[in-house]
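Quick note: the coordinates plus some simple rules give every number you see, no bench work behind them. Since this is a predicted model, take the numbers as computed values, not measurements. FYI the Cβ positions are ideal-geometry reconstructions off the backbone, even for glycines, and counts take in every protein chain you see.
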Amino acid sequence: MAAQAQAIIWLEQKGSSRREYFFDGRAFDTLCTRSLKDERTFASRIGQSFLDNFFPVGYPHSVAEGYLTYSQFRVFQHFSSAILSVFSTQSLLYAAGLRPTPVQATVASWVLKDGMQHLGKIACSMWGARMDAEPKRWRLFADVIYDLGTALEIVSPLCPHLFLEVAGVANLAKGMATVAARATRLPIYSGFAKEGNLSDLYAKGEAISTLFNVLGLGVGIRLASTVCSTVQGKFVAVPLLSAVHLFSISQEMRAVPLNTLNSQRTAIIVAEFIKTGKVLRPADVRYKERLALPVSLNVDAGSVVPSVSIRHACGKPSVLKGLQGRFQGERFLLSLQDNQTNLVIHHTATGEDVVRGWLLAAYTAKIAGSKHNQYEHGFGVLKLEALEEAYGHLKADFPVLISGLKERGWHTDLFLEGSGVRAIW
């Protein structure tokens, strides 16, 4: 009995949280869960919490040498900069004919300029892993909320009694936009770097941005003193400018050829390979990605839902045991349903493992679909019956797909699932 219970125990990890799941009861048909006991000291937990919130996932192994030194000096840089901002605020108020105290200057700087923006930056930083997985979508999101913050600032003269509230929400939105834009900048530049020239790309891109920011400021000053000097004039110009702004950023993002694997790009690659045998380049995939609309299941790629937890993929101990036996030696499990295939990813799985599981799911759905109307009742059973034949296709075609991906510049060592779940079994 103990051996049977041991066979149906698994662990799941999401971030720093680890939970144990097991089937219990007389027939082992009751799913139970418990958080693993944290035996660390209080100081150790505080230190780990600090690392989890302010350092990249997997630190120190996920970053290059010198990152800690860089972070230490960055702390001093921003600390001294904050002090200088208080001094500058005090000097500006003094120049305007006021005599503020240092405390008043600190409060004015925090509430009016920095407070809500800092809060927005901290809030948005919690989604860093999702930005790695979908940098283009988050870059577009940054510009949308930045424009919303700008719109709030423009309408603030209409409600002067709510100035602090409106300005605070606007700064909150702009703070979130700042973090999202900065966090996605390097992944986007990396998509264009072909010869280790990331710094040059970054420098030149920032130079172009600065040049046209200066030109835009000149035009904006001219408009603000003429046709847009009134609130009514701004209400006409701002929606038009915002539309141009958002359209431009969406086209920019569509032009970026990212070479990392996430769920959307993997589905596009697998679907094309199944249909034509062609391995797409990053430049071929870029215009097929969805940036604003929700990403639906890709039917041609097997309707795979990646990074599903075991408790959602397996409802019974017999199902879990069957999957472990069926996919023995693999770093993934496939739960074949009528309307989708749930992909459970092992915590040590690489991008190649995920592509292998995805390709197997797609072949399984294709073979089963040739014998039955897809997504009708019983389609999941047919997919299970087609699994052995699909493995035959996988054995022949998977090396071709992986070698093709590497030749075309895809990074197959990682799969960026954002906030997805990985399991240990």
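3J(HN,Hα) along region 300-312: 5, 9, x, 6, 8, 10, x, 6, 8, 6, 5, 5, 8 Hz, from the Karplus curve 6.51 cos²θ - 1.76 cosθ + 1.60 with θ = phi - 60°, whole Hz, x for Gly and Pro.
The stretch between residue 185 and residue 204, if pulled fully straight at 0.36 nm per residue, gains 5.5 nm over its current Cα-Cα span.
Taking amide hydrogens as placed 1.01 Å from N in the peptide plane, the amide H of residue 307 sits under 5 Å from those of 343, 345, each at least 5 positions away in sequence or on another chain. Label-to-label distance, residue 347 versus residue 123, with points set 7 angstrom from Cα along the beta-carbon direction: 3.2 nm. In the structure shown, do any of 37/121; 316/383; 37/316; 275/321; 278/366; 204/278 have a Cα-Cα gap over 27 Å, and if so which? Those over the limit are 37/121; 275/321; 204/278.
Assuming R0 = 30 Å, what is the FRET efficiency of residue 339 and residue 388, from their Cβ-Cβ distance, to the nearest 0.05? With R0 = 30 Å, the Cβ-Cβ based efficiency is 0.85. Across region 264-278, computed HN-Hα scalar couplings (Karplus, 6.51 cos²θ - 1.76 cosθ + 1.60, θ = phi - 60°) run 5, 5, 4, 4, 5, 5, 5, 4, 5, 5, 5, 6, 10, x, 8 Hz from first to last residue, x flagging Gly and Pro.
Taking label points 7 Å from Cα along the Cα-to-Cβ direction, residue 292 and residue 32 give a separation of 5.2 nm. The distance separating the Cα centre of region 221-285 from that of region 387-406 comes to 34 Å.
Each Cα pair under 8 Å and six or more residues apart adds its separation to the average, and for region 260-424 the resulting relative contact order is 31 percent.
Placing a label point 7 Å from the Cα of residue 381 along the Cα-to-Cβ direction, the residues of region 331-359 whose backbone N falls under 14 Å from that point are 337-338. For the peptides 324-334, 132-142, the ranking by packing is 132-142, 324-334, with the highest mean count of neighbouring Cβ atoms within 10 Å listed first.
How high is the FRET efficiency between residue 400 and residue 163 when r is their beta carbon distance and R₀ equals 51 Å, given to the nearest 0.05?
Efficiency at R0 = 51 Å is approximately 0.20.
Each of the peptides 381-391, 170-180 was scored by the mean count of other Cβ atoms within 10 Å over its residues; in descending order, highest first, they stand as 170-180, 381-391.
Residues whose amide H lies under 5 Å from that of residue 18, counting only those 5 or more places away or on a different chain, are 36; hydrogens are built 1.01 Å from N in the peptide plane.
Applied to region 211-225, the Karplus parametrisation 6.51 cos²θ - 1.76 cosθ + 1.60 on θ = phi - 60° returns per-residue 3J(HN,Hα) values of 4, 7, 5, 5, 4, x, 4, x, 5, x, 4, 5, 5, 5, 9 Hz, with x for Gly and Pro.
With the cut-off at 1.5 for a/c, could you classify region 280-360 from its C-alpha gyration tensor as rounded, prolate or oblate?
Working: a/c = 2.52, a/b = 1.72, b/c = 1.47.
Since a/c reaches 1.5 and a/b is larger than b/c, the shape of region 280-360 is classed as prolate.
With a Förster radius of 41 Å applied to the C-beta separation of residue 76 and residue 312, the computed FRET efficiency comes to 0.35. Between amide H atoms placed 1.01 Å from N, distances below 5 Å from residue 31 occur with 24, all of them 5 or more places distant or on a separate chain. Projecting label points 7 angstrom from Cα along Cα→Cβ for residue 40 and residue 19 puts them 2.0 nm apart. Between residue 276 and residue 224, residue separation times 0.36 nm minus the direct Cα-Cα distance comes to 13.2 nm.
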